[in-house]
1. Counting only helical runs of four or more DSSP H residues, what would the 222 nm mean residue ellipticity of the chain come to if each run contributes -39,500 (n - 2.57) and the total is spread over all its residues?
2. Quantify, in whole percent, the carbon and sulfur part of the accessible surface of the chain (1.4 Å probe; protein heavy atoms only).
3. When the dipole is taken about the Cα centre of the chain, and only Lys, Arg (+1) and Asp, Glu (-1) are charged at their Cβ, what size is it in debye, to the nearest 20?
4. Excluding ligands, DNA and RNA, what is the solvent-accessible area per residue of the stretch 49-157 at a probe of 1.4 Å, expressed in Å²?
5. Show me, for the stretch 15-32, the HN-Hα J-couplings you get by feeding each phi into the Karplus relation (A = 6.51, B = -1.76, C = 1.60, θ = phi - 60°), rounded to Hz, glycine and proline as x.
6. Output the direction-averaged projected area (hull surface divided by four) of the convex hull of the alpha-carbon atoms of the chain, in nm².
7. Which residues' amide hydrogens lie under 5 Å from the amide hydrogen of residue 27, considering only partners 5 or more residues apart or on another chain, with H built in the peptide plane?
8. May I ask which residue of 82, 34, 148 lies farthest towards the positive end of the charge dipole of the chain, with charges of +1 (Lys, Arg) and -1 (Asp, Glu) on Cβ and the Cα centre as origin?
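The values are calculated or read from the model by the stated rules, or taken from the named source; none is laboratory data. Computed from a predicted structure; not experimentally measured. Because the Cβ atoms are built from the backbone with ideal geometry, glycine has one as well, and the counts that use them run over all protein chains shown. Note: accessible area is taken over every heavy atom of the protein model, side chains too, but ligands, DNA and RNA are not part of it. Shrake-Rupley method; radii C 1.70, N 1.55, O 1.52, S 1.80 Å.
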Amino acid sequence: MILILEGIDCAGKTWMAERLLKELPNTYLIKHGNRPTEDTPAASFTLYKNYKAMLDTYQFAIKPAGGTLILDRFYMSELVYGPITRRCNLLTPDYEKELEGRIKEFPHLYVEITASRDQIIERMKTRGEFYLKVEHLDSIMEEYAEFYDGTKLNRARIKSGESSIDFLKNERLKDV
């Protein structure tokens, strides 16, 4: 199974990924933190190749062993953050379509992890994480909601926290 954890910075994706990694057997984590800075065809292709390599890792190494791959961010982050933070999306429609098609070949669950605006701001202050500008919060939260509503992937939206781990472990993962 491929488990994709997405959502705005400081929503709790990494927290969730690390706990699931500890609690689910035969599970592997890829934390994607690549934030491209240039809008060039080469940067676009490199980003696409990186996402494709993550899926290849699952297909050829993890799936045959009966494992689960947790992706702490995937191509959805580029679709949401790119236009807002860099004023461009580096993934072409063809790249996006191919990546979505490949995911659909495997058991998968796209999980949007949410938190309130106030929780996110507080976590940003506590962690000293300010890649995300406060003035972008609402736009990014809206873009994630729009992606979630429009995606054809198996999906769940959950609030950050302890109960969300139990929900994923005990209920949702066995249904996919």
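1. Numbers: 7 runs with 77 residues, N = 176.
Result for the chain, helices only: -13000 deg cm²/dmol.
2. Working: 4360 of 8910 Å².
Answer for the chain is 49 percent, counting heavy atoms of protein chains only.
3. Details: 26 positive and 28 negative charges, 91 e Å.
Result for the chain is approximately 440 debye, rounded to the nearest 20.
4. Values: 5400 Å² over 109 residues.
Roughly 50 Å² per residue, with all protein chains present.
5. Karplus-based 3J(HN,Hα) across the stretch 15-32 equals 4, 5, 4, 5, 5, 4, 4, 6, 9, 9, x, 6, 10, 10, 10, 10, 9, 9 Hz.
6. Working: hull surface 38.9 nm².
It is 9.7 nm².
7. HN-HN under 5 Å from residue 27: 68.
8. The residue sitting farthest along the positive end of the dipole is 34.
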